[in-house]
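Some notes on the structure that comes next.
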Amino acid sequence: MREQTKINKVLIANRGEIAVRIIRACRDLGIPTVAIYSDADRAALHVRYADEAIHIGPSAPRDSYLRKDKIIAAARKTGADAIHPGYGFLAENAEFAQQVADEGLIFIGPSPSAIATMGDKHAARVAVRRYNVPLIPGSEAGLSDDDLMAAARKIGFPLVIKAVAGGGGKGMRAVHNEANFKEALATARREAESAFGNGDVYLEKLLVGARHIEFQILADTHGNTIHLGERECSIQRRHQKLVEEAPSVFVDDDLRQRMGQMAIAAAQSVNYVNAGTIECLVDEDKNFYFLEMNTRLQVEHPVTELVTGIDLVKEQIRIARGRRMGPTESFLQPKAWAIECRINAEDPYTNFMPSVGKINTLITPTGPGVRVDSGVYSGYEITPHYDSMIAKLICWGEDRGEAMLRMRRALEEYTIMGVKHNIPFHVNLLNSFSFIAGKIDTNFVEQRFSMDTYENAPTDEDLEAAAIAVTLYAHRKRQLATQVVQPGKRDTSNWKWYTRYERMNR
Ligand code: MV4
């Protein structure tokens, strides 16, 4: 049994909403915090909320948030004895985790070896296979082009070529027939080499029409590994998730039990410690397969917190302190329903193009069942240096219907001016029959927000003509004084209507 470890000050090696989220957990635990910041983040919220803040360099991530040496130096300078990496940046960098440990500091996350094994997507398959975790049929890694061709014939088409150093959909290429295989393989290798400095690939049978469901794991240093249920993550665009919910409409108690045990086994196969996520594909017949493990806290962790009542960041810190998970922490059935909408500074009407500028007005929703995790405020400047996510709007309720109605209300209350944002996309999604019915797949966003739909929307000229007609009509009506104006019931169920509304208010 390992001893309890002291954590007296935590440095947060991140920025934005997740840095704020971690600072809040530390505050609740009474632990002082150190923020790090780049040039662009001088006025960021995480800098204001932390007890201390250290400037670590220019705005480009490679000069600041990715500089292992500067971050470790900042910890030494401030006397921080632990580092929380958040997500992105250095969160899944085994070398960084090792350097932190070598400095005698605590990395609030898994061991370097667990990060490294799960980071190599083929090594991960080898590790979990020994624990009887179901895998999509596939090939070995490290094969020559000829051997891969032979393996491809055996697996059959369609299949996917995946980079061993990839993950999260990066370095992934579908091949539908043998004729295209050689060229696809060459492209996949080239792309993997330039993106990851490693051109090694392996093959998997392509699973079509499956759902993307992930399990939250917590493991302490005393050999206890638990799962906290699933999250449904099918609403995404180009591997960027946009909406997540917990639980999944597709997962019944029996499936949750079986997938949960599988997720625990997958984590145990690398002696996993701290918080992690097992990503799975689930087909229509409820067969499930391990895809990969994310060895970090995820963006969408709040939906799990809201249905379990567990503060995952607090748990991460307790685990890093060597505390044992209590019996109350073994997983109970989900107690509620939660949905998260990622609020991005992206214009859904121009192919989700990122938008920069100053937020001049910000009205944030609140009230029953609403949580907002955000790193922005009125007057905050959004720069092109970092990702476009500016907030997460998370709503919960007793059941899915209540969570969705609260989400709709909160989205309507949300006002962000100065930059374009994707709230209209979310409103549209919440009004779609397929989302309401839970019948969604990974192509939903592309289909619903294609440029085709946009081009069928009314033009500015149409709107002007309509506005003139309405004005004249209203004027005539006032003259006649025959009717009291009724505040019409706002109907956002029609996509075109909403487009028009948005275009007028942009
Ligand atoms: C797959 C797959 C189908 N078949 N592998 C994407 C994220 C990464 N964790 C692995 N991913 C997938 N791997 C096989 N053999 C489908 C996905 C996938 C996906 C693919 C294309 C577009 C959106 C997707 C969303 C979730 C999962």
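Read-outs: derived from the displayed coordinates by stated rules, not from any lab. Fair warning: this is a prediction, and the values are worked out from it, not measured in the lab. Don't worry about glycine lacking a Cβ; one is built from the backbone with ideal geometry, like all the others, and counts go over all protein chains shown.
Suppose R0 equals 51 Å. What FRET efficiency, 1/(1 + (r/R0)^6) with r the Cβ-Cβ distance, do S378 and E178 give to the nearest 0.05?
FRET efficiency, S378 to E178: 0.35.
When you count, for each residue, the other Cβ atoms within 10 Å and take the mean per peptide, how do 176-183, 199-206 rank with the highest first?
Those peptides, ordered most packed to least, come out 199-206, 176-183.
When ranked by the protection proxy of mean other Cβ atoms within 10 Å per residue, highest first, what sequence do the peptides 441-449, 49-57, 286-294, 269-277 form?
Ranked from most to least packed, the peptides come out as 269-277, 286-294, 49-57, 441-449.
Exceeding 18 Å between C-alpha atoms, which entries from my cross-link table qualify? They are K314/K335; K170/K241; K121/K162.
Exceeds cut-off: K314/K335.
As a test of the formula, what do you get for the chain when each DSSP H run with n ≥ 4 contributes -39,500 (n - 2.57) and the sum is divided by the residue count, at 222 nm and rounded to the nearest 500 deg cm²/dmol?
-11000 deg cm²/dmol
Could you work out how far apart the two model spin labels at L135 and T350 are, taking each label as a point 7 Å from the Cα in the direction of the beta carbon, and quote it in nm?
4.6 nm
Return the equivalent ellipsoid semi-axes of the chain as a descending list in whole Å, where each equals the square root of 5 times an eigenvalue of the C-alpha gyration tensor.
Sorted largest first and rounded, they come to 39, 30, 23 Å.
Set the Förster distance to 45 Å, then compute FRET efficiency between A123 and D460 from the Cβ-Cβ distance, nearest 0.05.
Taking R0 as 45 Å, the efficiency between A123 and D460 is 0.25.
How many nm separate the modelled label positions at L405 and K358, each set 7 Å beyond the Cα in the direction of the Cβ?
Result for the modelled spin labels: 4.1 nm.
Farthest toward the dipole's positive end in the chain, which of C26, H222, T304, given Cβ charges of +1 (Lys, Arg) and -1 (Asp, Glu) about the Cα centre?
C26
Among DSSP bridges having both ends in region 336-457, what percentage is antiparallel? Round to the nearest 5.
100 percent
Ranked by Cβ crowding within 10 angstrom, fewest neighbours first, how are S374, S113 ordered?
Ascending number of Cβ neighbours within 10 Å: S113, S374.
Restricting the count to DSSP beta bridges whose residues both fall in the chain, what percent are antiparallel, rounded to a multiple of 5?
80 percent
Between Q261 and N224, how high is the FRET efficiency from 1/(1 + (r/R0)^6) when r is the Cβ-Cβ distance and R₀ = 25 Å? Nearest 0.05.
0.95
Just grab the label-to-label distance for L29 and E284, each label 7 Å out from Cα along the Cβ direction, in nm (one decimal).
It is 4.6 nm.
How far, in nm, would the chain grow between K170 and E95 when pulled straight, counting 0.36 nm per residue and subtracting the alpha carbon separation?
Full-extension gain reported as 24.9 nm.
Arrange the peptides 71-80, 311-320 so that the one whose residues have, on average, the most other Cβ atoms within 10 Å appears first.
Sorting 71-80, 311-320 by mean packing, highest first, produces 311-320, 71-80.
Give the aspartates and glutamates reachable from K182 as a straight Cα distance under 14 Å; neighbours fewer than 8 places away on the same chain don't count.
D145, D146, D147
In debye, nearest 20, what is the charge dipole magnitude of region 336-457 about its Cα centre with +1 on Lys and Arg Cβ and -1 on Asp and Glu Cβ, if you could check?
For this selection, approximately 220 debye.
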